[in-house]
Amino acid sequence: MTISAAFRKKLKYFDVDISFDCQSEKMMVLIGPSGGGKTTIIRMLAGLETPDEGRLCFGNDIWFDSLRCVNLKPQKRRLGYVFQDYNLFPHLNLFDNAAFAAVDKKEVHALFELFRIDHLKKRKPHMVSGGERQRCAICQALARHPRLLLLDEPFSALDVVTRRGLREEIKSLKGRLSCPIIYVTHDINEALFLADEILPVVDGKADYDWMQRTITREPGEGTPTRGAREPRLSLVY
Amino acid sequence: MDYLALYVTIKLALVTTAVLMVIAAPIAYFLAYKHFPGKSFVEALIYLPMALPPTVIGFYLIILMGPRGWVGGIWESLTGESLLFTFLGITIASVIYSIPFAVQPMKSAFVKIDRRLLENAYILGLSKRATFLRVIIPNSLGGIAAASILVFLHSIGAFGVLLMVGGSIPGETKVASIAIYEAVEMMNYQAAGLIALSFIPISYAFLLLVNKLNEGSRA
């Protein structure tokens, strides 16, 4: 199955206007500067935001089509989505979190063993480390047997060592999954390490020279995105 | 001591609390998450009983629940009985009188829930109703408990509304606050003092509980 997206959405500082395909068993990494529209794109794939126009198909299923007025709810898309944080429900322990929407609860045990958090099953999310929380969030997403796995900077809030370890785990996991994976990051090393295909996104559009420019530019001569260039109150103070 | 009046008071407060927890939760959800034109007018209307004098609420409830009012009229045509001066009548009055005290803390608790948790629930396939029951309610238990205690306390203290709608029928509509008033009217200060005294530890213990819950939700 292939996820095919081509959509536009007007944002405050720029328009997202992008099209791409990602096949099963492949990982596409959306990379680009912060504030460049990557998260908006992944949220549109999930159905959490609605494009102004365009089309989004998964195989023969149409998830969004502005011409036909089709917009499948997130509940119907059967996705796995790992956010930067706040994936887990605070009132449930790790096992119940992962089993929340599991197709088969027995599989959760296997996933916990795979991600080495089996001993933390009974703990609540606030009682474990950030890395363990994200491992559980991945288990939660996988237990649903997703048709498409979306990972939105899942390790950006973690320390370097934990991040490296989890990156390895995601890479080994990739080979076992049959669904397409879309991974958002602003870390070029992470993108190069994980990706089958890289899609650089700058100001909402594909910019295939962005990585080359970023790698070869001198320190300090960076050009932030239009969104990031806008003065913000927090910077003034 | 007028134990019957105390019994009616506690019964009324418990029924009011139970009914309001069911009614107020969807209203609070609606106010917390839905945006629609005129929302502030609807919200002000729900909180109106908090700002109105109890006798004003009582007056309009008499009009509404009386034999010529549309609620009382329908009730009478269905059952052949009056809604005024009955336990059901004072329960309806008590529910309307206390509704702001249920909705407000619940709404505050719902608003505090991180929106990303709700989005994750939708991604995991939960409908909005299932998300409400499986995510919002379990993560708002402090606010719901605070709401129920406030409603309970407010209900046991109701006087003007209940007197107007229910009168003072022993075992049916005569609550403790009315019993105190009548005892004082008859210069029976000992009886009034005993019932009044019984309120103090109950109210004090419940307020301590509210404070504990608020501290817990801030932590």
A convex hull over the alpha carbons of segment B:82-219 yields, per residue, a volume in Å³ of 117
For the pair A:ARG123 and B:SER203, the simple spin-label estimate (label points 7 Å beyond Cα toward Cβ) gives in nm 4.7
Under the Karplus relation with 6.51, -1.76 and 1.60 and θ = phi - 60°, whole-Hz ³J(HN,Hα) for segment A:75-83, x at Gly and Pro, equal 4, 8, 7, 6, 10, x, 9, 9, 7
B:GLY166 neighbourhood, Cβ < 12 Å, K/R = +1, D/E = -1, net charge 0
Ordering A:GLU107, B:GLU185 by the accessible surface of their heavy atoms, 1.4 Å probe, largest first, yields B:GLU185, A:GLU107
Given Cβ charges of +1 for Lys and Arg and -1 for Asp and Glu, the option among A:ALA137, A:LEU111, A:LEU177 whose Cα lies farthest towards the positive end of the dipole of segment A:79-220 is A:LEU111
Largest fluctuation, A:GLN134, A:GLN212, A:GLN84 only, Gaussian network model of chain A with Cα springs under 10 angstrom, belongs to A:GLN212
Probe 1.4 Å, protein heavy atoms only: A and B together bury a total accessible area in Å², to the nearest 100, of 1700
On the formula 1/(1 + (r/R0)^6), with r taken between the Cβ atoms of B:VAL42 and A:ARG213 and R0 of 45 Å, the FRET efficiency rounded to 0.05 is 0.25
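Compute the relative contact order of segment B:86-144 as a whole-number percentage, counting only Cα pairs closer than 8 Å that sit 6 or more residues apart in sequence. List each step's numbers first, then the result.
On the way: 24 pairs, mean separation 26.4, N = 59.
Relative CO of segment B:86-144 lands at 45 percent.
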Mean 1/r over distinct Cα pairs of the protein assembly as shown, inverted to a Kirkwood Rh in Å, yields 26.1
For chain A, averaging the sequence separation of alpha carbon pairs under 8 Å that lie six or more residues apart and dividing by its residue count, the contact order in percent is 30
Computed about the Cα centre, the charge dipole of chain A from +1 Lys/Arg and -1 Asp/Glu charges at the Cβ has a magnitude in debye, to the nearest 20, of 740
Taking Cα pairs closer than 8 Å and at least 6 residues apart, the relative contact order of segment B:114-219 in percent is 28
Taking B:30-40, B:164-174, A:167-177 and ranking on average Cβ neighbours within 10 Å, highest first, one gets B:164-174, A:167-177, B:30-40
Once the dipole of segment B:3-218 is set up from charges on Cβ (+1 Lys and Arg, -1 Asp and Glu), the residue from the list B:GLY72, B:TYR33, B:TYR47 lying farthest towards its positive end is B:TYR33
Under a 1.4 Å probe, counting only protein heavy atoms, A:TRP210 has an accessible area in Å², nearest 10, of 30
Chain A: antiparallel bridges as % of DSSP beta bridges, rounded to 5, reads 60
What helix-only [θ] at 222 nm does chain B give? Using -39500 (n - 2.57) per DSSP H run of at least 4, over all residues, to the nearest 500, the answer is -25000 deg cm²/dmol
With the label point 7 Å along the Cα-to-beta-carbon line of B:LYS212 and a cut-off under 19 Å to each amide N, the hits in segment B:1-39 are none
For chain A, the helices passing both cut-offs (Cα extent along own axis of 20 Å or more, Kyte-Doolittle mean at least -1.0, full DSSP H runs) are A:160-174
FRET efficiency for B:SER108 and A:GLU113 from the Cβ-Cβ distance with R0 = 45 Å, rounded to 0.05, comes out at 0.65
If one builds a Gaussian network model of chain B from Cα atoms under 10 Å apart, the most fluctuating residue listed among B:VAL111, B:VAL71, B:VAL15 is B:VAL71
Taking Cα atoms only, helix B:189-218 is inclined relative to the longest principal axis of chain B by an angle, in degrees rounded to 10, of 0
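Suppose all protein chains stay in the model; what accessible area per residue would a 1.4 Å probe give for segment B:3-218, in Å²?
51
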B:LEU141 and B:ARG129 label points (each 7 Å along its Cα→Cβ direction) are spaced in nm at 2.4
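Using R₀ = 30 Å, calculate the FRET efficiency as 1/(1 + (r/R₀)^6) where r is the Cβ-Cβ separation of B:LEU52 and B:VAL184; round to 0.05.
Details: r = 25 Å, r/R0 = 0.84.
Between B:LEU52 and B:VAL184 the formula returns 0.75.
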Looks like segment B:156-202, by Cα gyration tensor root eigenvalues a ≥ b ≥ c and the a/c under 1.5 rounded cutoff (else prolate when a/b is bigger than b/c, oblate otherwise), is oblate
One finds the C-alpha centres of segment B:165-219 and segment A:18-33 to be spaced, in Å, by 66
What helix-only [θ] at 222 nm does chain A give? Using -39500 (n - 2.57) per DSSP H run of at least 4, over all residues, to the nearest 500, the answer is -8500 deg cm²/dmol
Toy charge model, Lys and Arg Cβ at +1, Asp and Glu Cβ at -1: chain B dipole around Cα centroid in debye, rounded to 20, equals 1020
GNM of chain B, Cα pairs under 10 angstrom: of B:LEU163, B:LEU61, B:LEU209, the biggest fluctuation goes to B:LEU209
Helix B:141-156: inclination vs chain B longest Cα principal axis, degrees, rounded to 10, gives 10
Under Stokes-Einstein, chain A at 20 °C and 1.002 mPa s, with its Kirkwood radius over C-alpha pairs, diffuses with a coefficient in µm²/s of 115
Nearest 10, in degrees from 0 to 90: the angle of helix B:3-33 to the longest Cα principal axis of chain B is 30
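The values are calculated or read from the model by the stated rules, or taken from the named source; none is laboratory data. Keep in mind the model is a prediction, meaning the values are calculated, not measured. Reconstructed Cβ throughout: ideal geometry from the backbone, glycine too, with neighbour counts over all protein chains shown. These accessible areas exclude ligands, DNA and RNA; they are computed on the full protein's heavy atoms, side chains included. Shrake-Rupley method; radii C 1.70, N 1.55, O 1.52, S 1.80 Å.
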